[in-house]
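Since the structure comes first, as structure tokens, the remarks are kept for the end.
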Amino acid sequence: MKPSHRSRLNTIYSKLYKAFGPQHWWPGETPFEVAVGAILTQNTNWGNVEKAIDNLKREGKLNASAIHKITPERLASLIKPAGYFNVKAKRLKHFVDFLLKEYGGRMADMKREEPDAIREKLLKVNGIGPETADSIILYALGRPVFVIDAYTKRVMSRHNIMDHDATYGSFQELFQFYLKRDVRLFNEYHALFVRVAKEHCRTKPICEGCPLEGL
């Protein structure tokens with residue numbers, strides 16, 4: 001008899017956690033900084049995002065009011081290290097306009113709402129898709145939703161748990177149905193998928209020494 005999905009998901013987590021330990025995600029001093037990071041990290045690596053965020057901090061622009069007031073051109077110049085800076089400047093502007101309109105610019109007020117309601121609103125903000133919305137909800141607001149990214153899909157499909165082309169919602173439902181709805185668990189699990197994908201489950205996989213080898 002094949003192991004249940006619950007059993008396999010728990011085994012994967014245990015093996016990854018034992019191999020890599022806690023990942024201490026997501027870097028950020030405030031929920032707003034984490035949300036900005038979630039938008040800036042689209043199509044780039046975290047090192048570039050950190051440079052962009054440092055620029056915003058140095059100029060005193062890492063808050064909703066400042067980003068709302070700054071010109072798109074100036075904002076784009078500050079976040080240039082994150083790449084696609086003109087597009088991301090617009091996305092940050094859209095997010096901040098939403099935050100100010102819906103929650104008076106306060107992430108704490110957003111957190112008081114139910115995650116499903118927050119998610120529905122975030123997905124209507126130009127430039128915010130499911131992965132970014134869920135990253136904001138999990139990492140900035142501390143609410144239990146499982147973030148699905150390309151790394152998660154790659155690891156899961158290579159171990160024959162889900163078809164790589166399955167929808168975002170199907171992947172997310174798998175984790176949220178079979179695992180306990182726990183912020184810390186979802187946080188660590190997602191971060192561990194990123195870690196194993198970067199070190200082993202690459203486009204050209206390095207299976208030798210992988211914690212999931214033979215699973």
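Quick notes on this structure:
- For ASP109 and GLN176, a Förster radius of 25 Å and the Cβ-Cβ distance give a FRET efficiency of 0.50, rounded to the nearest 0.05.
- Translational diffusion coefficient (Stokes-Einstein; Kirkwood radius from C-alpha pairs) of the chain at 25 °C, 0.890 mPa s, in µm²/s: 135
- Computed helical MRE - 222 nm, the chain, DSSP H runs ≥ 4 contributing -39500 (n - 2.57), nearest 500: -17500 deg cm²/dmol
- Between VAL183 and ASP116, the simple label model (points 7 Å from Cα in the Cβ direction) yields a spacing of 2.0 nm.
- Region 82-125 and region 171-195 have Cα centres spaced 23 Å apart.
- Computed lengthening from ARG6 to HIS159, 0.36 nm per intervening residue step minus Cα-Cα distance: 53.6 nm
- Once the Cα atoms are used to define both axes, helix 183-199 deviates from the longest principal axis of the chain by about 80 degrees.
- At R0 = 35 Å, FRET efficiency that the Cβ-Cβ distance of ARG58 and THR167 yields, to 0.05: 0.30
Any read-out appearing in this document is the output of simple, stated calculations on the displayed coordinates, not a laboratory observation. Keep in mind that what you see is a predicted model, and the values were worked out from it rather than measured. Positions of Cβ are backbone-derived with ideal geometry, glycine not excepted, and every protein chain shown enters the neighbour counts.
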